[in-house]
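Contents: one structure, followed by commentary.
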Amino acid sequence: MRILSLTAVVLLAVPAPAYAAGPPAGVPKGAMSVRVAKIVNGDTIDVTTGDGKKTRVVFLESDAPALGQCWAKAATQRTAALLPVGRLAYVVADKKPTDGSGRRLFYVWNAKGVHVNRNLVRYGYAKALLVKPNDRYITVMRSEEAVAKRQKLRIWSGKCDTGTTTPAPTGDDRRFRTCGEANAAGYGPYRKGVDPEYAWYQDRDGDGLVCER
């Protein structure tokens with residue numbers, strides 16, 4: 001088993017500015033901060049580490065469709081919405097920190113504290129995938145996958161969206177009076193032009209996302 005060296009861990013940390021309040025609520029203690037450099041696909045991103053070098057990161061326990069497959073474009077768009085390029089993100093490793101290609105394996109949270117791996121599975125953009133020995137959140141992921149299957153969301157809908165056509169709005173999720181109620185029930189965020197549920201809520205900050213958690 002390859003062990004992430006102390007040097008590698010240090011390089012992954014991005015020094016926070018003096019005015020930063022630290023990671024948002026929901027980010028586990030000990031998470032390392034990085035800056036999003038590129039969205040590769042639905043479950044892979046490039047991040048900039050503390051020394052300015054780019055590192056490829058693959059999401060743990062969240063397997064999005066490969067490019068060219070059904071829902072791949074939608075999954076990539078969702079990841080791009082949750083992890084805007086240039087923004088901070090927070091990563092946590094599990095028992096095995098790299099794959100056979102040397103890519104870093106991480107659980108990822110965005111600047112607002114949303115667990116990205118889990119969000120992709122919950123809303124049908126990715127499948128829960130166990131790659132031993134990394135299993136920290138697999139029970140939760142499988143539970144979220146079961147909900148997405150039951151609601152027939154995206155990859156579980158029986159339909160194929162390749163991104164060449166725009167599917168008619170369907171409103172897969174329940175509709176609530178406010179984003180607060182939606183979040184409390186485990187729903188959101190929704191992206192403009194991607195999720196039909198976006199139209200149900202007010203985008204107060206105009207960032208193309210509503211009901212961020």
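One line per residue, one yes/no per condition, for (1) touching a helix residue (DSSP H, G or I) at 6+ places or on another chain (Cβ under 6 Å); (2) not in a loop (DSSP other than H, G, I, E, B):
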position: Y125; (1), (2): yes, no
position: V140; (1), (2): no, yes
position: S143; (1), (2): no, yes
position: C160; (1), (2): no, no
position: G163; (1), (2): yes, no
Scanning region 93-135 for residues that are touching a strand residue (DSSP E or B) at 6+ places or on another chain (Cβ under 7 Å), under 24 Å from K29 (Cβ atoms) and of a type in the set (D, E, K, R) gives D94, K95, K96, R104
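Bear in mind that the values in this text are calculations on the coordinates, not laboratory data. For clarity, every value in this text was computed on a predicted model and none was experimentally measured. Ideal geometry is used to build each Cβ from the backbone, glycine not excepted, and the neighbour counts take in all protein chains shown.
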